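Presented below is the structure to which this report refers.
The values are calculated or read from the model by the stated rules, or taken from the named source; none is laboratory data. Bear in mind that the values here come from a model prediction, so they are computed numbers and not experimental data. We place every Cβ from the backbone using ideal geometry, glycine too, and count neighbours over all the protein chains shown.
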Amino acid sequence: MIREDEVLRIGKFIKPHGIKGEIAFAFDNDIFDRVDCPYLICSIDNILVPFFIKSYRFKGSDTALILLEDIESEIQAKRFNGLSVYFPRKYLDENEEVELTLNYFIDFIVIDKQLGEIGTITDIDESTINTLFLLKRKENDNEIIIPASDDFITDIDSEKKILYVDLPSGLVDID
């Protein structure tokens, strides 16, 4: 069984491309192209499952079209819509530089110095000048938006997937 601490999130599958099973893959890290590894890992129902790569080709600077083994139709490829994609850390050389992006923090719990646990990061909004973390509250599923700024981040616990912040008072109304 693959554990979360054994993988690095590198992007997500978007949608099928064509009718032969190719899947559009939006990646944050091109490590899958730089390091020789025969498979990628997807989170399906909170279980990390490996899928072997048959072929891939780049469609742009942050998108690739991937064909996975045993996925041969658009219908089969649709099952991968929106799935997070991970790379196994065991294939990383100690000297391999891993570039972390803000998407690395998806699924991290955010804990504020004054407010305590605020929620879990579900997405990153980069459509405005100020990049934002979109969080979901555990208690009521309400969405909260906070700035994704180094100025507010006080600590990161990658093992426990916790992001510690010290937000200005009044920035978040959690009631």
*Determine, yes or no, whether Thr122 is at pLDDT below 90, touching an Asp or Glu at 6+ places or on another chain (Cβ under 6 Å) and within 20 Å of Tyr164 (Cβ to Cβ).*
no
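Here is a yes/no grid of residues against (1) modelled with pLDDT under 90; (2) within 20 Å of Asp5 (Cβ to Cβ):
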{"residue": "Tyr39", "(1), (2)": "no, yes"}
{"residue": "Lys54", "(1), (2)": "no, no"}
{"residue": "Lys59", "(1), (2)": "yes, no"}
{"residue": "Glu72", "(1), (2)": "no, no"}
{"residue": "Asn81", "(1), (2)": "no, no"}
{"residue": "Arg89", "(1), (2)": "yes, yes"}
{"residue": "Phe105", "(1), (2)": "yes, yes"}
*Exactly one of (1) outside any helix (DSSP H, G or I); (2) in contact (Cβ under 8 Å) with a residue 12 or more places away in the chain is unmet by Ser61. Its number?*
(2)
*May I ask you to list the residues in segment 1-42 that are within 14 Å of the chain's Cα centre (by Cα), in contact (Cβ under 8 Å) with a residue 60 or more places away in the chain, outside any loop (DSSP other than H, G, I, E, B) and closer than 28 Å to Ile75 by Cβ?*
Val7, Arg9, Ile10, Gly11, Lys12, Phe13, Ile14, Phe25
*What single numbered condition from (1) modelled with pLDDT of 95 or more; (2) not small (Gly, Ala, Ser); (3) not in a strand (DSSP E or B) fails to hold for Gln114?*
(1)
*Selected residue (criterion: surrounded by the most Cβ atoms within 10 Å (Cβ to Cβ)) from residues of segment 65-93 that are of a type in the set (A, V, I, L, M) and farther than 21 Å from Leu8 by Cβ*: Ala77
*Could you check how many residues of segment 152-175 are assigned to a loop (DSSP other than H, G, I, E, B), surrounded by 10 or more Cβ atoms within 10 Å (Cβ to Cβ) and among the acidic types (Asp, Glu)?*
1
*Taking segment 1-37 as the region of interest, how many residues are more than 19 Å from Ile71 (Cα to Cα), of a type in the set (Asp, Glu) and either touching a Gly at 6+ places or on another chain (Cβ under 7 Å) or modelled with pLDDT of 85 or more (or both)?*
4
*Select from segment 133-175 the residues that are basic (Lys, Arg) and touching a helix residue (DSSP H, G or I) at 6+ places or on another chain (Cβ under 8 Å) and list them in ascending order.*
Lys161
